[in-house]
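The values are calculated or read from the model by the stated rules, or taken from the named source; none is laboratory data. As the structure is a prediction and not an experimental result, all values here were calculated from the model. All Cβ positions, glycine included, derive from the backbone under ideal geometry; neighbour counts span all protein chains shown.
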Amino acid sequence: MNLIPELAETTPEEFCQNIVTARAPVVLREFVKHWQLVSLRDSADDFSRRLQQEDSGEKFYTVVGSPDIKGRFFYGDGLQGTNFNKTNATISDALAHIAQQSSAASPHAIAVQAARVATALPNIAKSHTNPLLPNIDPTLWLSNQSMVAAHFDLHDNIACVVHGRRRFTLFPPEQIANLYIGPTLNAPGGVPISIVDLNKPDLEKYPRFQDALDAALYADLEPGDAIFIPTPWWHAVESKDPLNMLINYWWSAQVQPLVAANKSLMHSMLSIGNLPIEQRRAWKDFFDYLVFRQELDPTEHLPAELHDVVTSLSPEQEQQVMDYLSTKTSSPKISDPQ
């Protein structure tokens, strides 16, 4: 594995023009070192007290795993369900349970996941802003020691470490076949994850994972550091200390599509993935030309003012396309025109 490149300083303009468009991860050292919460990095007690003072009392999605999972939130036995329980807790309640586990020889794993900062800690949301994305609503992640398997986000992400240390291990999108992806419908975090234990990979059972490791990038982040993770890079995240907190910002650098890419992927898997290989090859030619457009432009012979799905649509045409798609997502009858 190689280190993720680092960037000391950048402006919003430079970030958009040079970093986001490059579609490669970057570590932003000391990016939010000015945050007041980061200044409490050396005292878990002081940090917890500050969060409790700011706690709105709202409850958020929280996962709890028994000591035997060793902090690795994952599928359950046979890749069915999950190996943890799901509940809702306030920030203060979660902190109390995390503190209780800090002295245990084999602690339970506890994590508040994707809580909206403006709801959980409204004053913190106002005073702890992202200089590159000041108008994006962030989420927070609070836990003790834990490991989140390699997964991808649906949007670009700037993740800021607030308390505790974290290791990020990233895999380029093209490594998907070497990550051994688990079932989609019951994925622990809502998106598919690698079923290989990053810290103890079984390379006899999962031999292609070695290729993924050879292509991987990693970074160890301290409080105040941040990382830019472009979608759909795969990333595993290890929270290393008895108390960890991260605030992240998801956003889309491009105009939002009518249909989310992951939904199109799943639809294509259902409609094309099990066709005979000759038909799959034929549809690949369609996708290469009309969707991926790496060699030829399907619009080059069309009038510039034409509105169509391969160019651009008027609002009325966008609604027409969505209405069409909504009527075609159920299983078709033989007599239905396609």
Can you find a residue in region 250-263 that is at pLDDT 95 or above and under 30 Å from His163 (Cβ atoms)?
-> yes
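Can you tell me which residue among His97, His34 is in a helix (DSSP H, G or I) and either of a type outside the set (Asp, Glu) or under 22 Å from Asn135 (Cα atoms) (or both)?
After ruling out the rest, the residue left standing is His97.
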For Val38, indicate whether it is within 18 Å of Asn244 (Cα to Cα) and surrounded by 14 or more Cβ atoms within 10 Å (Cβ to Cβ).
-> yes
Using the structure shown, decide if Leu28 is in the same structural domain as Pro242 (by TED's automatic domain parsing), more than 13 Å from Leu95 (Cβ to Cβ), without any contact (Cβ under 8 Å) to a residue 40 or more places away in the chain and of a type outside the set (Gly, Ala, Ser).
-> no
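Yes/no per residue for (1) at pLDDT below 95; (2) buried (at least 16 other Cβ atoms within 10 Å of the Cβ); (3) over 26 Å from Leu142 (Cα atoms):
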| position | (1), (2), (3) |
| --- | --- |
| Met1 | yes, no, yes |
| Glu14 | yes, no, yes |
| Asn18 | yes, no, yes |
| Val27 | no, yes, no |
| Val32 | no, yes, no |
| Asp46 | no, no, no |
| Leu51 | no, yes, no |
Would you say Asn157 is under 23 Å from Glu9 (Cα atoms) and assigned by TED's automatic domain parsing to the domain that holds Glu238?
-> yes
Can you tell me which residue among Thr82, Thr90 is among the hydroxyl-bearing types (Ser, Thr, Tyr) and under 22 Å from the mean Cα position of the chain (by Cα)?
-> Thr82
Picking from Ser92, Ser127, Ser143, which residue would you name as being touching a helix residue (DSSP H, G or I) at 6+ places or on another chain (Cβ under 8 Å) and farther than 25 Å from Asp220 by Cβ?
-> Ser92
Any idea which residue in region 232-251 is farthest from Ala212 (Cα to Cα), counting only those that are out of contact with any Pro (no Cβ under 9 Å at 6 or more places or on another chain) and among the polar types (S, T, N, Q)?
-> Asn244
So Val112, is it out of contact with any Pro (no Cβ under 7 Å at 6 or more places or on another chain), assigned by TED's automatic domain parsing to the domain that holds Met147 and surrounded by 17 or more Cβ atoms within 10 Å (Cβ to Cβ) | yes
From Leu154, Leu142, Leu170, grab the single residue that is at pLDDT below 95, among the hydrophobic types (A, V, I, L, M, F, W, C) and within 26 Å of Gly71 (Cα to Cα).
-> Leu154
Among the acidic types (Asp, Glu), at pLDDT 85 or above and in a helix (DSSP H, G or I) - does that describe any residue in region 271-280?
-> yes
So which residues in region 119-129 are part of a loop (DSSP other than H, G, I, E, B) and surrounded by fewer than 19 Cβ atoms within 10 Å (Cβ to Cβ), if there are any at all?
-> Thr129
If you check Ile158 against the conditions, is it under 24 Å from Ala22 (Cβ atoms) and surrounded by fewer than 19 Cβ atoms within 10 Å (Cβ to Cβ)?
-> no
Within region 274-298, considering residues that are surrounded by 12 or more Cβ atoms within 10 Å (Cβ to Cβ) and of a type outside the set (A, V, I, L, M, F, W, C), the one nearest to Val310 (Cα to Cα) = Pro298
